[in-house]
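**Q** Okay, here's the structure, questions in a sec.
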Amino acid sequence: MKLVRIIAGSCAIENETQALVLAEKLKARGITEMRAALFKPRTNPNDFQGIGYDGLPILREIQNMGLKTVTEVVGVRQIEKLYDYVDVFQIGARNMQNFELLKEIGTTNKPIILKRGFANTVYELLMAAEYIKQSGNKDITLCERGIRSFDDVTRNVLDIGAIIYLKQNTNYKVIADPSHSTGNRNFVRSAAKAAIAAGADGIIVEVHEQPDKALSDSKQTIGLEIFDKILEDLWNK
Ligand code: PEP
Ligand code: MN
């Protein structure tokens, strides 16, 4: 029984073959929503930025396979260009308080995943969601993706308390990102289980057929072997 929502895919779409081979593997496992980012907000401008609009035909092919595309939008002007190729719009951590983007995405009628900024409070997350709602779109899923702390054993700190709080005090759907929150592929499975135990409705997880070769976030990207264990944990138990 598939009670838990699982969105999976590489950090970014890298090329047609990589994306479509992965899409097949995900589909064969019963996944219905694929991470399909064309633009990556990177700290270093010299790092891989995503393939941009060249990837639109790839998004269409993913859709034609019957998978929904979950794609981050990093600027207001992108919304229109991406619109027909994207099934779920993702607002990333760095744009959680880009209020103009929130207002604009709120005018669309597609589901939205709003990620918590890594230095934002839960109240600020809820107010960001409010911006989207006030533009008309109420189909919002909040995503806990880890917050910054003083420790560096994990890339971020998965805020389990925030998941508990949101599920107990709001009506939002809540998912967790065990990839960006831990930054370590060996921690992803446990973090996914912890998030679901805390009440999360699902996860968004970075998966790549050859995780060591992923062009971005390789260290936190799991291969299909670990992914299958997560599916076993979350769907078959
Ligand atoms: C992502 O999910 O692709 C991403 C960039 O994550 P975040 O915005 O949480 O850093
Ligand atoms: Mn990533």
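The values are calculated or read from the model by the stated rules, or taken from the named source; none is laboratory data. Small disclaimer: the values here were computed from a predicted structure and weren't measured. Glycine also receives a Cβ, built like all others from the backbone with ideal geometry; neighbour counts cover every protein chain displayed. The protein model used for the area step is the full one, side chains on, heavy atoms only, and it has no ligands, DNA or RNA in it. Shrake-Rupley method; radii C 1.70, N 1.55, O 1.52, S 1.80 Å.
**Q** Report, by residue number, each residue of segment 94-146 that is touching a residue at least 40 places away in the same chain (Cβ under 8 Å) and within 11 Å of ligand 1 (Cβ to nearest atom).
**A** 94, 95, 113, 115, 116, 143, 144, 145
**Q** Report yes if residue 90 is farther than 29 Å from residue 130 by Cβ and either within 16 Å of ligand 2 (Cβ to nearest atom) or outside any loop (DSSP other than H, G, I, E, B) (or both), otherwise no.
**A** no
**Q** Which condition breaks for residue 176 when tested against (1) farther than 28 Å from residue 16 by Cα; (2) touching a strand residue (DSSP E or B) at 6+ places or on another chain (Cβ under 7 Å)?
**A** That leaves (1) as the condition not met.
**Q** Something else: Keeping to segment 147-195, report how many residues are of a type in the set (Asp, Glu) and surrounded by fewer than 17 Cβ atoms within 10 Å (Cβ to Cβ).
**A** Adding up the residues that qualify gives 2.
**Q** Sticking with this structure for a sec: Please count how many residues of segment 42-86 are open to solvent by less than 40 Å² (accessible area, probe 1.4 Å), assigned to a loop (DSSP other than H, G, I, E, B) and either within 16 Å of ligand 2 (Cβ to nearest atom) or closer than 26 Å to residue 4 by Cα (or both).
**A** Summing the residues that are open to solvent by less than 40 Å² (accessible area, probe 1.4 Å), assigned to a loop (DSSP other than H, G, I, E, B) and either within 16 Å of ligand 2 (Cβ to nearest atom) or closer than 26 Å to residue 4 by Cα (or both) in segment 42-86 gives 5.
**Q** In contact with a Pro (Cβ under 6 Å, 6 or more places away or on another chain) and within 14 Å of ligand 1 (Cβ to nearest atom) - does that describe any residue in segment 71-87?
**A** Yes, segment 71-87 contains at least one residue that is in contact with a Pro (Cβ under 6 Å, 6 or more places away or on another chain) and within 14 Å of ligand 1 (Cβ to nearest atom).
**Q** Of all the residues that make up segment 124-146, how many are open to solvent by 40 Å² or more (accessible area, probe 1.4 Å), in a helix (DSSP H, G or I) and under 22 Å from residue 195 (Cα atoms)?
**A** Qualifying residue count for the region: 1.
**Q** Then there is this: Tally up the residues in segment 224-237 that are touching a residue at least 24 places away in the same chain (Cβ under 8 Å) and either over 12 Å from residue 30 (Cβ atoms) or out of contact with any helix residue (DSSP H, G or I) (no Cβ under 7 Å at 6 or more places or on another chain) (or both), please.
**A** Narrowing segment 224-237 to residues touching a residue at least 24 places away in the same chain (Cβ under 8 Å): 224, 226-231, 233-235.
Add one more test, that the residue is either over 12 Å from residue 30 (Cβ atoms) or out of contact with any helix residue (DSSP H, G or I) (no Cβ under 7 Å at 6 or more places or on another chain) (or both), and what stays is 224, 226-231, 233, 235.
Within segment 224-237, residues that are touching a residue at least 24 places away in the same chain (Cβ under 8 Å) and either over 12 Å from residue 30 (Cβ atoms) or out of contact with any helix residue (DSSP H, G or I) (no Cβ under 7 Å at 6 or more places or on another chain) (or both) number 9.
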